[in-house]
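A short write-up of the structure that comes next.
Since every read-out is calculated from the coordinates, none of them should be taken as a lab result. What you are looking at is a predicted structure, and each value in this text was computed from that prediction instead of being measured.
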Amino acid sequence: MPRKPALGKKPRNIIRAPMTKTTSASGDALQALRERGFVQQLSDEAGLQARMSSGPVCFYAGFDPTAASLHVGSLVPIIAMAHLARAGHQPIA
């Protein structure tokens, strides 16, 4: 069984790659989420589009990363967060 790294030390065998931007920070991110099936309905699409076009948006997705186990339902907001982060927006997790 592999040893766990000491507290405060990063494991050496993890490959770290920078996140690449797949869309611009404008409303393209919203369109990308819609195309991938993350968006079904919005209450103020024009307002959200305008806000996302004005600059990076800080967003939050509510799931408990400290839970005993994460399930596939937790994966959906995590993937949406990754799409928005790649577009230049700021996630809060």
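Taking amide H as placed 1.01 Å from N in the peptide plane, the amide H of residue 59 sits under 5 Å from that of 90, 92, each at least 5 places away or on another chain. Once the chain from residue 72 to residue 53 is taken as fully extended at 0.36 nm per residue, the excess over their C-alpha distance is 3.8 nm.
For segment 49-93, the Kirkwood estimate of the hydrodynamic radius, built from every pair of different alpha carbons, is 11.5 Å.
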